[in-house]
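Taking it in order: structure first as structure tokens, then the write-up.
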Amino acid sequence: MLLDVTDLRKTFPARTGLFGNVIDRVHAVDGVSFRIAEGRTLGLVGESGCGKSTVGRAILRLIEPSSGTIRFQGDDITNLPPKQMRALRRRMQIVFQDPYSSLNPRKRAGDIVAEPLLVHGIANAAERREMTEAIFAKVGLQPRQMGLFPHQFSGGQRQRISIARALALGPAFIVADEPVSALDVSVQAQVINLLMDLQAQDGLSYLFISHNLAVVEHVSHDVAVMYLGRIVEHTDKATIFAKPLHPYTQALMAAVPVADPSVRRDKKHVMGDVPSPIDRPKGCHFHPRCPLAQPRCRTEEPVLREVQPNHRVACHLVA
Amino acid sequence: MAPVLEVSGLSTVFHTRAGIVRAVQDVSFSVEAGETLAIVGESGCGKTMTALSLMRLIPSPPGEITAGSVKVAGTDLLKLDEPGMRKMRGSQIAMIFQEPMTALNPLLTVGRQIAEMVSLHENVSRRAANARAVEMLHHVRIPAPERRAREYPHQMSGGMRQRAMIAMALACRPKVLIADEPTTALDVTIQAQVLDLIGDLRKELGTAVVLITHDLGVVAETADRMIVMYAGRKVEEGTTKDLFADPSHPYLQGLLASIPKFGAGEGTRLREIPGIVPALNNLPKGCAFAPRCSAAVAKCQEAIPPLETKRPGHAAACWVT
Amino acid sequence: MSDALYYARRYPLGVIGALILIIFVLTAIFAGVVAPMDPLTTNARASLAPPSHTYWIGADMMGRDMLSRMIHGARISLAVALGATCIGSGLGAMLGLASGYLGGWFDLIVQRIAEIMQSLPLLVMALVITASLGPSLTNTIIAIAIPLIPNVARVIRANVLSLRELNYVEAARAIGMGRARIALVHVFPNTLAPLIVLATAQLGSTILTEASLSFLGLGVPEPYPSWGRMLSESAAEYIRSAPWLVIFPGLAISLVVFGANLFGDALRDILDPRQGD
């Protein structure tokens, strides 16, 4: 198993008192467990504030997890000291959503992509240049564009630079945090295809974080749905899209607009807003919005359990 | 039925240091009461500039509406002076924006902002205006509207704020509502609620809706008719059903093929539209889409294709198809 | 060289600013050669002489040639202005960067000290510092530089706090870059724009602070001239009877500040690659 995350938790102080004492906590990630195998993609789906981005950053230790364990290629990296963690960063990387804030506006594209090599003292200047050129070609950029600054590229091209930077050290695993959400539709396809080609070539594994279910369905092998810090449903792609069991997954799928006017279904949309992660509803967090909620759902927290082989659901109503 | 909004030959330019940017070129369309027309396109295609031109909210200078007419129930907005236009905004034609947080004043309660809008256009007492504000909040299905009217924008969630924006926009029963990416900043479950709401209000009040979006899924689910814009021009127009079923322009064909679809099956590759959207101050001589178009022929490089009727109720600007 | 020419054509106002500054600096350096008379020699008969052939821009109460005093005064005024601004902005930027990027206790302490310093008027602080160090050029520069530090530190810190959250800083951590290197390579260069604006704005106020200090006898000691003191000594008494005593030092200060602002704006744009095309 390439990545094995067990009971990952992260809380942030929401309000602090006069003396720095924490009054309220945001439970951004609340006991999340999953595994990703080599060459596979786990799609992590959820609405804003569900903690999906925090999961991605905590795995890379860009945010320190509050508890839980992260095993990467067999090693427990949860408490790795900074120096060893830095060495490990050659094997796990991240691509961000916003193609504008993810590149330093004062650095040339070539330097941005070569920087990881420089930091890790790989190769001399001439070799680095050669390697950078090769990576540029790999992600579909022209090596002659290496001297340009980020603002001289379009959004899609900037996302390619981000991917090139992540690829520079030859990682085995990439967290892709909403990598196409900020891009135009016609450009989204370019970047999705690129990510999938790279997986086919190099056997990369992805944690693909997105709110866009159609994109997740396209790129993922497995899908986990998060709601208010927890995974509520987790199974393989075909099953979750064909037969979603959790009422929230069902609601999410019903809400996604389908680009086909001939299937104008009579849909029942889930009501209400996503509650604040500071003050989560007792019992099942989804019960105030759930059309099927029972008295039990208001008091008792459902656990994520395997209802069918390789299909985990956290709902009292699923047999 | 006569259209309530009739736009013809609308052209808007921006005078910038880098030259004249032709943001909107010769765009025409009309919308009937109770109808939803979607304007679809990617960033920089001119859809938002078209919306702002309809409201005459183009910052000028550097912007300038150079030609065309925008008729709302027969009145040409482009011929009005500024005070006359101000009377129209809100009462005849209203707009909601992508980010309701920045469109609402953070220092005034939501109820007060709606009431202000009402008393601006109608000669009513303060009490009546306040009552209307509560009624509108109720109308957009905000629970406990009396209490919510006394809240400030930051006390509301994103979806609630967008509802409040809609309440404000519709408070004076405008004939036309322009919605510029109204759900782009919202989560999918909230997006579905807000789209439902806009659809229902349109039916109840008979408002004509111009929906500006980049999301073809949103278009498919909400619009009766749609126009597709590329590089400032209208390249295709027709009923939503017809355009999705049988797009004529290679651009719309490409767009539809490039979005991932539910249940498309394992390992299918998305179709890419190669290249990037051209800069509006440096457009190619012929069809703006030609450099990215796989069907392009020599003529496409030479002249801009006119909008032609391909089938009844379906027009496209393409030399090839 | 072709770069310099390119920028010169793109930023004509910046060139004007740079020229103003260069002329003043050269004048200060070669004051001994350029000045027509000795700035310290008094001449009782020329007391308050208006501009004439001998005294181009007049003479002061003690009959000293204003032009020569202005030229020599440029040395002290520019040394104080540039010295104090550079030291104050430099130290302030470093503290602000460290404070904003490291956060935690260090940030807390730096910010509280900065608040205490900011609660005292600039002049009072400078006064206390010079009074304890004694009047001399170096001490004046130090006395004026120190009160600048908290202002700069706070502006830079605020900027760093927002930059720290940007994805490219996170990306730098993700590739295994160390904290110090991220601060220097990715954060600091992006704070240059506010730093330059702040520094050029402070240039003028340093000259005036020096004037006040000198007026109180705590700046550069008499009889050495500085623009600030020339201005402050004569402003109240001679503005009606001998306005040239006020106008010309005032003009010189304004010109330097103006030149610095023009140059600073151009510099800020040149250092920003986004302005390149």
| field | chain B: relative contact order as a whole-number percent, Cα under 8 Å and 6+ apart | value | 21
| remark: Once the dipole of chain A is set up from charges on Cβ (+1 Lys and Arg, -1 Asp and Glu), the residue from the list A:Leu62, A:Ala134, A:Val32 lying farthest towards its positive end is A:Leu62
| message | Please list the three semi-axes, largest first and in whole Å, of the ellipsoid equivalent to region A:97-186, using sqrt of 5 times the eigenvalues of its alpha carbon gyration tensor. | response | 21, 15, 11
| field | Amide N of region A:188-216 lying under 11 Å from the label point, which is placed 7 angstrom from the Cα of A:Ala134 along Cα→Cβ | value | none
| query | Debye sum, Cα scatterers, region B:52-93, no solvent: what log₁₀ I/I(0) at q = 0.23 1/Å? | reply | -0.77
| At q = 0.09, 0.13, 0.16 Å⁻¹, what log₁₀ I(q)/I(0) does a Debye calculation on the Cα points of chain A give, no solvent, two decimals? | -0.51, -1.01, -1.38
| query | When chain B is modelled as a GNM with alpha-carbon springs shorter than 10 Å, which of B:Ala245, B:Ala18, B:Ala33 fluctuates the most? | reply | B:Ala18
| said: From the alpha carbon gyration tensor of region B:181-229, can you work out the equivalent ellipsoid semi-axes (sqrt of 5 times each eigenvalue) and give them in Å, largest to smallest? | reply: 16, 15, 8
| note | The correct pair for region C:195-256, radius of gyration to one decimal and Dmax as a whole number, both in Å and from Cα atoms, is 12.4, 42
| request: Give the dimensionless ratio obtained when the Cα radius of gyration of region C:176-230 is divided by 2.2 N^0.38 Å. | output: 1.86
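Can you give the average number of partner chain beta-carbon atoms within 10 Å of each beta-carbon in peptide B:211-223, as a whole number?
4
What total accessible surface area, summed over both chains, is buried at the interface between chains A and B, computed with a 1.4 Å probe and given in Å² to the nearest 100?
Details: alone 15760 and 15230 Å², together 27420 Å².
In total, this chain pair buries about 3600 Å².
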| What whole number of Å gives the distance from the Cα centroid of region A:181-196 to the Cα centroid of region C:127-167? | 48
| field | When region B:249-321 is reduced to its Cα atoms, the Kirkwood hydrodynamic radius in Å | value | 13.9
| Can you give the alpha-carbon Rg of chain B over 2.2 N^0.38 Å, where N counts its residues? | 1.04
| field | Spread of Cα-to-Cα distances over 5 Å intervals beginning at zero, given as percent, for region B:155-259 | value | 2, 11, 22, 22, 17, 14, 8, 3, 1, 0
| note | Convex hull around the C-alpha positions of region C:136-277: the volume in Å³ per residue is 132
| message | If you average the alpha carbon positions of region A:32-54 and of region C:1-79, how far apart do those two centres end up, in angstrom? | response | 69
| message | Can you give me the convex hull volume of the Cα atoms of region A:52-117, divided per residue and expressed in Å³? | response | 111
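Can you tell me the relative contact order of region B:12-118? Whole percent, Cα pairs under 8 Å, sequence separation 6 or more.
Across region B:12-118, relative contact order equals 23 percent.
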| task | Above 15 angstrom, tally the Cα pairs of region C:4-51 and express them as a % of all pairs, no decimals. | result | 65
| query | Over the alpha carbons of chain C, what is the largest minus smallest coordinate on each principal axis, giving the biggest first in Å? | reply | 76, 49, 29
| request: In vacuum, with every alpha carbon of region A:16-153 counted as one equal point scatterer, what does the Debye formula give for log10 I(q)/I(0) at q = 0.11, 0.12 Å⁻¹? Two decimals, please. | output: -0.59, -0.70
| request: Would you look at the GNM of chain B, springs on alpha carbons closer than 10 Å, and say which of B:Gln155, B:Gln92, B:Gln253 moves the most? | output: B:Gln155
| field | Estimated 222 nm signal from helices in chain A, with DSSP H stretches of n ≥ 4 weighted -39500 (n - 2.57), rounded to 500 | value | -9000 deg cm²/dmol
| note | Mean-square fluctuation maximum in Gaussian network of chain B, Cα pairs under 10 Å, restricted to B:Ala288, B:Ala171, B:Ala67, hits B:Ala67
| task | Compute the Rg to Rh ratio over region A:5-68 from the alpha carbon atoms, using the Kirkwood formula for Rh, and round to two decimal places. | result | 1.06
| task | Just need the relative contact order of chain C here, percent rounded to a whole number, with Cα pairs under 8 Å and 6+ apart. | result | 25
| task | Calculate the all-directions average of the projected area of region A:196-319's alpha-carbon convex hull, and give it in nm². | result | 9.3
| By what distance, in whole Å, do the Cα atoms of region C:48-205 stretch along each of the three principal axes, largest value first? | 71, 32, 20
| What residues in region A:110-137 lose 30 Å² or more of accessible surface when the other protein chains are added to their chain alone (1.4 Å probe)? | A:Glu115, A:Val119
| task | Sticking with the crude label model, points 7 Å out along Cα→Cβ, report the distance from C:Val25 to C:Ile113 in nm, one decimal please. | result | 3.1
| said: Give the separation of the Cα centroids, region B:267-311 to region B:77-105, in Å. | reply: 34
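Nearest 500 deg cm²/dmol is fine: what mean residue ellipticity at 222 nm does chain C get from its DSSP H runs of n ≥ 4 alone, each adding -39,500 (n - 2.57), divided by its residue count?
-24000 deg cm²/dmol
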| request: Report, to the nearest whole %, how much of the accessible area of region C:1-98 belongs to carbon and sulfur atoms, 1.4 Å probe, protein only. | output: 74
| query | Over region B:96-180, what lengths in whole Å, largest first, do the semi-axes of the equivalent ellipsoid take, defined as the square roots of 5 times the eigenvalues of the alpha-carbon gyration tensor? | reply | 18, 15, 11
| query | How large is Rg over Rh for region B:1-157, taking Rg from the Cα atoms and Rh as the Kirkwood inverse mean of 1/r across Cα pairs? | reply | 1.01
| request: Calculate the tail of P(r) for region C:129-219: the fraction of all Cα-Cα distances greater than 22 Å, expressed in %. | output: 46
| remark: region C:7-88: spread of alpha-carbon positions along the three principal axes, whole Å, largest first, is 51, 30, 20
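With N residues in the protein assembly as shown, what two-decimal value do you get for its Cα radius of gyration over 2.2 N^0.38 Å?
My calculation over the Cα atoms of the protein assembly as shown gives 1.13.
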| Kirkwood-based Rg over Rh for region B:1-84 (C-alpha set), two decimals? | 0.98
| request: Using only the alpha carbons, work out the radius of gyration and Dmax of region A:147-233 in angstrom. | output: 13.9, 46
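The values are calculated or read from the model by the stated rules, or taken from the named source; none is laboratory data. Since this is a predicted model, take the numbers as computed values, not measurements. Neighbour counts run over all protein chains shown; Cβ positions are idealised from the backbone, glycine included. When the accessible area is computed, the model is the full protein with side chains, heavy atoms only, and any ligands, DNA or RNA have been set aside. Shrake-Rupley method; radii C 1.70, N 1.55, O 1.52, S 1.80 Å.
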